[in-house]
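The values are calculated or read from the model by the stated rules, or taken from the named source; none is laboratory data. Because the structure is a prediction, the values reported are computed rather than measured. Backbone-built Cβ (ideal geometry, glycine too); neighbour counts: all protein chains shown. Just so you know, the surface numbers come from the protein's heavy atoms only, side chains and all, with ligands and any DNA or RNA stripped out. Shrake-Rupley method; radii C 1.70, N 1.55, O 1.52, S 1.80 Å.
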Amino acid sequence: MKIFVTGGAGYIGSHTCVELLTAGYNVVVYDNLSNSSVEAIKRVESITGKSVEFIEGDIRDKAKLESSMSGCDAVIHFAGLKAVGESVEKPLEYYDNNVCGTLRLLEAKRNVGVK
C-alpha cells in the first residue's frame, strides 16, 4: 500500500512517515519545504533503512497533486500553516493555504480515484 503524505517533511509528518515505513507501507512525501527541510526525509530514511519518494510541491497546485498521487492508495494530510501569531498577521495567506489548499487536495484525490 502506498501512502501520500502532505507536509511529510515537517515534524509530525516525518514522525508519521517513520511509523508508516516501519509498518511496511510505501511512502510518498509531498511538501513545499516552507516550514521544513529535505534533511527530515534523509533522517526518516536513515532511521528506517527504507527509501522515501519525495516531491517538492504546493498543495494549492492541483495538477501537480494529481500527477504526484497517481498510484497512491491513501492520503494523510499535514500540509498546513500553524503559527498563531503569524496567522493573525496574515489571515488571507493562512486561509488560502489551509482551506483552499485542502480543497485542491480533496479535488485531486477525487480526480485520481484515491478514496
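Every helix of 4 or more DSSP H residues in the chain counts as -39500 (n - 2.57), and over all residues that averages to -13500 deg cm²/dmol at 222 nm. Here the simple spin-label model places points 7 Å from the Cα toward Cβ, and for S70 and N111 these points are separated by 1.2 nm. Once both labels are modelled 7 Å past Cα along the beta-carbon direction, what's the Y95-E56 spacing in nm? Between Y95 and E56, the label points sit 3.0 nm apart. Between E19 and I47, the distance separating the two model label sites (each 7 Å from Cα on the Cα→Cβ line) works out to 1.1 nm. Counting only Cα atoms, the range 1-51 measures 28, 19, 15 Å along its principal axes, largest extent leading. Ranked from largest, the principal axis spans of the Cα set of the range 53-115 equal 38, 22, 17 Å.
Within the chain, the proportion of Cα pairs with more than 21 Å between them is 34 percent. Between the range 15-31 and the range 54-91, the alpha-carbon centres lie 16 Å apart.
Rounded to 0.05, the FRET efficiency of the S87 and K2 pair, given R0 = 35 Å and the Cβ-Cβ distance, is 0.60. For the chain, the fraction of 1.4 Å probe accessible surface lying on carbon and sulfur atoms is 53 percent.
Annotation: per residue accessible area for the chain equals 56 Å², rounded to a whole number [probe 1.4 Å, protein chains only].
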